[in-house]
Amino acid sequence: MNLNMNSMESLVAQIQGLSGSIADVNQLHSLLKQSEDLFHSELARLAPLLTELDPSIHSLGYLYILEACTSAPISKEQANELVLSVARFINLCAAEQIRLAPDKFISVCKRFKDQVMLLEDPMRGVAPMLTALRKLQLSSEHLTTLHPDFLLLCLLGKCYKTGLSILEDDIFEVDQPRDFFLYCYYGGMICIGQKKFSKALELLHNVVTAPMSILNSIAVEAYKKYILVSLIHLGQFSISFPKYTSSVAQRNLKNFSQPYLDLVNSYGTGKISELETCVLANNEKFEFDKNLGLVKQVVSSMYKRNIQRLTQTYLTLSLQDIANTVQLHSAKEAEMHVLQMIQDGEIYATINQKDGMVRFLEDPEQYKSCEMIERIDSSIQRIMMLSRKLTDMDELLSCDPLYLAKAGRERQRFDFDDFDTVPSKFTI
Amino acid sequence: MEAEDEATGQMIEEEEIYVNGGGDGDESKRHRPIISGEQLDIEAYAALYTGRTKISRLLFIAEKCGNASMQLDALRMAYDEIKKGENTQLFREVVAKIDGRLGPNYGPDSTWADAVDRRAELRKEKLENELNAYRTNLIKESIRMGYNDFGDFYFVHGQLGDAFKNYVRTRDYCTTSKHIVHMCMNAILVSIEMGQFTHVTSYVSKAEQSQDALDPVAIAKLRCAAGLALLEGKKYKLAARKFLETGPELGNNYTEVIAPQDVATYGGLCALASFDRAELKSKVIDNVNFRNFLELVPEIRELINDFYTSHYASCLEYLGNLKANLLLDIHLHDHVETLYEQIRNKALIQYTHPFVSVDLHMMANAFNTSVSSLEKELEALITNNQIQARIDSHNKILYARHADQRNATFQRVLQTGSEFDREVRAMLLRANLIKHEFNLKASRKH
């Protein structure tokens, strides 16, 4: 007992001593790993030790002790305290040190998230989680395990804007497929909340078409939302999958989302009445899936779609005629719709209130302005960057011994002459 | 094609403008009485056909016309016709349909029917004995004849399925290509009567394989049969081609299936609905062969010419007048609506094509319709991207719309760019996921 006591104190001393240079920290790290069992046997005495350490300097040691502390079951009163201390640690800790023990850091953060949820105050967790996530990731292209947790907190705390900030990063590196699925699914929901439908569509598309060997319910739910968002944003939905979609998804997803596919069919007819009957018929299922709000948006998007179609056909049209063609109840209602759409830049038109006529105009964009040139230029730059990335990756893959072994094995089966050392094409 | 169009355009220009302007004075001068606008003359119609199709056509008319006196006329003629043959089953059906409305002369003549049935029974027995004898002797040609006789027997007695089976059975015993053609012809005839048009197509192609045994009449017959099959399959353009290829040798040689008048009607309407102007000119109007057919049905000839010279009102009037009778045609009735719609749409498209702006009032006049319904039709066509124009609903003018190439290009470029961007990113991600999974599997293995 006494020995333990002493070793604990000596450990603290070592933490304090070995938190300077990188070599020292590495030495400390192996030391800490050895004494992990010790921490877990001495749970009760750990808390006071923390006060002796400075989280910004002794981050690694602090992390190990904190992790051990949080592993114990705690009461609700303590939870509040814990949340505070973890949040403080996350804010102050040094990124280089905690990256040495990412799993410890992740487990602390996950428990932190659980506690915040237990306290039913998800908003409190949003900012610390964002900091944690930034400190943990090696580059902005890296998807950490904390991403989905952070997005979940954002969703629950309704802090959609904060969530969007990380969704803008392009993600290329993924640790865990499950993280990726959840990240895209939650991200899609946040984008839907912010009405950024094209981004949402992209994220949900990623879930649906991601390689998978067994169907998971994240993909199923994502597919349902994907259908709805596609209808809202594009006004159509193609039932067929892209050919790179995993065969599991292609075979099974449709079976789980029949009401949604019915909705697609009735949307295709362009008739509000049919769409509404379909919605009514499947109301319970939509409600059960918590997609009723989106379904309602689908219905209202149809009015817009129909009005937009009129702009293709007519130069001028009376409000009454618009109301008749798109099955609105009155000219007044039609006027509101048109007005809203002009405001949102979805159509170009002027309303002449005197004789109740709407004059549809062509898109005024002439593609001559400096902004447009800049936009095109930035787009070109981006695409060049992506192309470079693609080539890099292709090269990297061509040198990957694992890949070469596999590709070589498969080639030989067909024809020995075909075998060349550099794979000519790699399609995904 | 452009040049040619312009030349003809110039020729008719004067009249054209007049008609577009709704010149009614001219209209009356050109207006000829339209013969087949009247009620169908069933007697004349029935005289065009022979054999079973005559009866089926009469019965079809009786069923569809919805006019008691016409119905009874048709039934009476069918009754007379059936009595010449031996199909007692059909006879009983017709008698039931007449239901005594035509007096005692058209009652259920059971003595006749029983006599025919008895004779049929005897004949069938005889045929069976003969066929058995042939089969034991193993003489190919005789067996073929035996089956063929059986086919004929069943066909006459209205058992089409059995007739078809027997005709097809002769195939194994065919020794010359002439026999094969004969077998195919029989099979086609029965299939058309049964309404099995997939069989028709396959036997037509089978018959066409033995080129050497085909005389011009047979070729013409095959073209007609193929045309009918395609028409039934709603492939109007291909059907039109087949009918247009039909040689004048057809004459009255295929009246058990189709009359030359029908070739003109079917071919003309299908061509009108599916061909573009150049094709219409080269393949229909300048087609010497087909002109012979068209002479038989002057209305069709007139309306095709009217369509080509842009006298749409007159063309549509002809069509309107013909409609009631076409609906009574056993092969065409299902397709009349679709064909008419397509012809009308084409007329609308052609009308608007040369103009920058069109006054809807004038256009409505030219098409003999109201402005509002015309607007609806145009709207549908614009939505389907068949007319590039926009409607000024306030002033009732249609403006042609010339897409701005430059803007469209910019738009497309930006769109393609963002699509590419998105797809490459998604692809990189997927690649990473696959790689991850692969590494995982590999590490598990080791």
Original post:
List the aspartates and glutamates whose alpha-carbon lies under 20 Å from that of A:Lys368, not counting same-chain residues fewer than 8 positions away?
Top reply: A:Asp377, B:Asp404
Original post:
Relative to the Cα centre, what is the charge dipole magnitude of chain B, using +1 at the beta carbon of each Lys and Arg, -1 at the beta carbon of each Asp and Glu, and rounding to the nearest 20 debye?
Top reply: 2400
Subject >> Filter on B:Lys323/B:Lys376; B:Lys178/B:Lys235; A:Lys224/A:Lys285 - keep pairs with C-alpha separation over 18 Å >> reply: B:Lys323/B:Lys376; B:Lys178/B:Lys235
Subject >> Nearest-20 debye value, chain A charge dipole, Cβ charges on Lys, Arg, Asp, Glu >> reply: 920
Subject >> Sequence of A:Arg375, B:Arg430, B:Arg135 when ordered by accessible area, the most exposed leading, probe 1.4 angstrom >> reply: A:Arg375, B:Arg135, B:Arg430
**OP:** Over 22 Å, how big is the tail of the calculated P(r) for segment B:328-431, in percent of all Cα pairs?
**Re:** 52
Original post:
For segment B:267-281, in order, what is each residue's ³J(HN,Hα) by Karplus, 6.51 cos²θ - 1.76 cosθ + 1.60 with θ = phi - 60°, in whole Hz (x at glycine and Pro)?
Top reply: x, x, 5, 5, 5, 4, 6, 10, 8, 8, 4, 4, 5, 4, 5
Original post:
Taking H as built 1.01 Å from N, whose amide H comes closer than 5 Å to the amide H of A:Thr316, not counting residues under 5 places away?
Top reply: A:Phe360, B:Asp392, B:Ser393, B:His394
Original post:
Dipole of the protein assembly as shown, Cα-centred, from +1 at each Lys and Arg C-beta and -1 at each Asp and Glu C-beta, to the nearest 20 debye?
Top reply: 1940
Subject >> q = 0.17, 0.23, 0.24, 0.29 Å⁻¹: log10 I(q)/I(0) that the Debye formula gives for segment A:257-302, counting C-alpha atoms only >> reply: -0.38, -0.72, -0.78, -1.14
**OP:** Return the Rg/Rh value of segment B:38-186, two decimal places, where both radii are evaluated on C-alpha atoms and Rh is the Kirkwood radius.
**Re:** 1.08
Original post:
222 nm [θ] for chain B, helices only, -39500 (n - 2.57) per DSSP H run of 4+, per residue, to 500?
Top reply: -23000 deg cm²/dmol
Original post:
Can you list the lysines whose alpha carbon is less than 19 Å from that of B:Lys83, not counting same-chain residues fewer than 8 positions off?
Top reply: B:Lys54, B:Lys97
Original post:
Is segment A:1-109 rounded, prolate or oblate when judged by the Cα gyration tensor, a ≥ b ≥ c being the square roots of its eigenvalues, rounded requiring a/c under 1.5 and prolate requiring a/b larger than b/c?
Top reply: oblate
**OP:** Determine the shape class of segment B:181-325: with a ≥ b ≥ c the square roots of the Cα gyration tensor eigenvalues, call it rounded for a/c under 1.5, and otherwise prolate if a/b is greater than b/c, oblate otherwise.
**Re:** prolate
Original post:
Any idea of B:Ser205's accessible area? Nearest 10 Å², probe 1.4 Å.
Top reply: 60
Original post:
Accessible area of A:Arg124, 1.4 Å probe, to the nearest 10 Å²?
Top reply: 90
Original post:
For B:Met194, B:Met145, A:Met341, what's the largest-to-smallest order of accessible area, 1.4 Å probe?
Top reply: B:Met145, B:Met194, A:Met341
**OP:** For chain A, find the longest principal axis of its Cα atoms and tell me its angle to the long axis of helix A:22-34, 0 to 90°, nearest 10.
**Re:** 80
Original post:
Roughly how many Å is it from the Cα centre of segment A:111-145 to that of segment B:166-228, as a whole number?
Top reply: 78
Original post:
Which value, in Å² rounded to 10, gives the accessible area of A:Asp392 with a 1.4 Å probe and all protein chains present?
Top reply: 90
**OP:** May I ask for the net charge around A:Tyr64, where only other residues with Cβ less than 13 Å from the Cβ of A:Tyr64 are counted and Lys, Arg are +1 while Asp, Glu are -1?
**Re:** -3
Original post:
Using θ = phi - 60° and the Karplus curve 6.51 cos²θ - 1.76 cosθ + 1.60, what whole-Hz ³J(HN,Hα) does each residue of segment B:354-363 get, with Gly and Pro shown as x?
Top reply: x, 9, 8, 9, 10, 6, 5, 4, 5, 5
Original post:
Can you give the mean number of other chain Cβ atoms that lie within 10 Å of the Cβ atoms in peptide A:307-313?
Top reply: 4
Subject >> Residues with amide H under 5 Å from that of A:Ala349, placed H, sequence gap 5 or more >> reply: A:Leu361
Original post:
Looking only at Cα atoms, what is the convex hull volume of segment A:122-163 per residue, in Å³?
Top reply: 56
**OP:** Quick one: give the max-minus-min coordinate of the C-alpha atoms of segment B:260-328 along each principal axis, largest first, in Å.
**Re:** 30, 27, 18
Subject >> Longest to shortest principal axis, alpha-carbon extents of segment A:128-219, angstrom >> reply: 35, 30, 20
Original post:
With no solvent and one point per C-alpha, what does the Debye sum give as log10 I(q)/I(0) for chain A at q = 0.06, 0.09 Å⁻¹?
Top reply: -0.40, -0.81
**OP:** For segment A:210-361, state the average projected area of the convex hull of the C-alpha atoms over all orientations, rounded to one decimal in nm².
**Re:** 10.0
**OP:** Towards the positive end of the charge dipole of chain B, with charges on Cβ (+1 Lys, Arg; -1 Asp, Glu), say which of B:Asn325, B:Ala78, B:Thr176 has the farthest Cα.
**Re:** B:Thr176
**OP:** Would you please state the base-10 log of I(q)/I(0) at q = 0.14, 0.18, 0.33 1/Å for segment B:76-119, with intensities from the Debye formula using one equal scatterer on every alpha carbon?
**Re:** -0.27, -0.44, -1.35
Original post:
Rg and Dmax of chain B over Cα atoms: what are they, in angstrom?
Top reply: 29.6, 99
**OP:** Could you please put B:Phe60, A:Phe256, B:Phe243 in sequence from largest to smallest accessible area, using a 1.4 Å probe?
**Re:** A:Phe256, B:Phe60, B:Phe243
Subject >> Value of Rg/Rh across segment B:87-152 [Cα atoms, Kirkwood radius] >> reply: 1.24
**OP:** Whole Å is fine, so just give me how far the alpha carbon centre of segment B:323-356 lies from that of segment A:30-70.
**Re:** 87
**OP:** Show which lysines lie in cross-link reach of A:Lys304 when reach means a straight Cα distance below 19 angstrom and same-chain residues fewer than eight apart are skipped.
**Re:** A:Lys195, A:Lys196, A:Lys271, A:Lys296, A:Lys332
Original post:
Kirkwood hydrodynamic radius of segment A:43-96 from all distinct Cα pairs, in Å?
Top reply: 11.4
Original post:
Going toward the positive end of the dipole of the protein assembly as shown, with +1 on Lys and Arg Cβ and -1 on Asp and Glu Cβ, which of A:Gly270, A:Gln236, A:His142 do you reach last?
Top reply: A:His142
**OP:** State the Cα centre-to-centre distance between segment B:380-446 and segment A:198-263 in whole Å.
**Re:** 18
Subject >> Degrees between helix A:331-343 axis and first principal axis of chain A (Cα, 0 to 90, nearest 10) >> reply: 50
Subject >> Tilt relative to chain A, helix A:2-17 - C-alpha long axis, 0 to 90 degrees, to 10 >> reply: 60
**OP:** Please turn the phi angles of segment B:199-210 into ³J(HN,Hα) values with the Karplus equation 6.51 cos²θ - 1.76 cosθ + 1.60 (θ = phi - 60°), one per residue in order, whole Hz, x for glycine and proline.
**Re:** 4, 4, 4, 5, 6, 4, 5, 5, 5, 5, 5, 8
**OP:** Give the span of the protein assembly as shown's Cα atoms along each principal axis, as three whole-Å numbers ordered largest to smallest.
**Re:** 128, 87, 59
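The values are calculated or read from the model by the stated rules, or taken from the named source; none is laboratory data. Values in this document were obtained by computation on a predicted structure and should not be read as measured data. Cβ: placed from backbone, ideal geometry, glycine included. Neighbour counts: every protein chain shown. Protein only, heavy atoms only, side chains kept; ligands, DNA and RNA dropped before computing areas. Shrake-Rupley method; radii C 1.70, N 1.55, O 1.52, S 1.80 Å.
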